[in-house]
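One structure below.
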Amino acid sequence: MEVRLLNGNEIQWAVQTANEVFEYCDRNCVKSQDEIRQHYDYVRPEVLWQEQNAGRLILWGAFENGQMCAVSAMQNVGHITMLYVRPPYQRRGLGSWLLNEMRGFADHVLHLPRVTVNVTPVAYAPFFYRRGFQMIPGMPFNTPYVSLEQPLVNSMMQKNISTKAILLVTAVTLLLCFGVGVIVTVLHMMG
């Protein structure tokens, strides 16, 4: 199995994969024609290509024997817009693998503090809950989706160390070095 970033030539394949999974797995769970229209308005080659070409969208694919098994996409602000795994490849960890790729990219390449996702249909929210996502506080409950977020590790570590703490440790270290230097100089002069 190979997971990698997609290039512009593979967008049509990604659209086909996402739409097949949507039709087979998701469409019966979607409650309104508006949600179905939103899916097909977004998951179109020209839309994804334009977003990717402008640097606003990053797409990944999972491949086995040259066949695209799954596709995912994330905006450059850390918002996950697609995560589709073809039925024969479900329950094999591909969704988690793609999610980890997106989180790692958001954390280490984009240096974002969190990733977000609007889960539609709501039936898929437990997948994200099990992987550390939580509801975004203050989001309305009367929507057809659930808005979730997950803080990222490196960003959390960077936030927890304040500038004052770094300056304090630096100052103490410099004072200790200065003190040791003075003591060594005095001992050398006495000896």
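Observations on the structure shown:
- In region 75-124, the residues that are surrounded by fewer than 18 Cβ atoms within 10 Å (Cβ to Cβ), assigned to a helix (DSSP H, G or I) and aliphatic (A, V, I, L, M): Val109, Val122, Ala123
- Any hit, region 37-51, residues being within 17 Å of the chain's Cα centre (by Cα) and either basic (Lys, Arg) or modelled with pLDDT of 95 or more (or both): yes
- Residue list for region 125-145, filter: in a loop (DSSP other than H, G, I, E, B), out of contact with any strand residue (DSSP E or B) (no Cβ under 7 Å at 6 or more places or on another chain) and either closer than 22 Å to Val3 by Cα or among the hydroxyl-bearing types (Ser, Thr, Tyr) (or both): Arg130, Arg131, Thr143
The rows are residues; the columns are (1) of a type in the set (S, T, N, Q); (2) closer than 22 Å to Gln150 by Cβ; (3) out of contact with any Asp or Glu (no Cβ under 9 Å at 6 or more places or on another chain); (4) surrounded by fewer than 19 Cβ atoms within 10 Å (Cβ to Cβ).
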| position | (1), (2), (3), (4) |
| --- | --- |
| Tyr40 | no, no, yes, yes |
| Arg56 | no, yes, yes, yes |
| Ala62 | no, yes, no, no |
| Gln67 | yes, no, yes, yes |
| Ser72 | yes, yes, no, no |
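- Pair list, Cβ < 6 Å and 6+ apart or interchain, from region 22-35 residues that are touching a residue at least 24 places away in the same chain (Cβ under 8 Å) to residues that are aliphatic (A, V, I, L, M): Cys29/Ala123; Val30/Ile36
The values are calculated or read from the model by the stated rules, or taken from the named source; none is laboratory data. Predicted model, so just to flag it, every value in this text is computed and none were measured. Note that we place each Cβ from the backbone using ideal geometry, even for glycine, and neighbour counts take in every protein chain shown.
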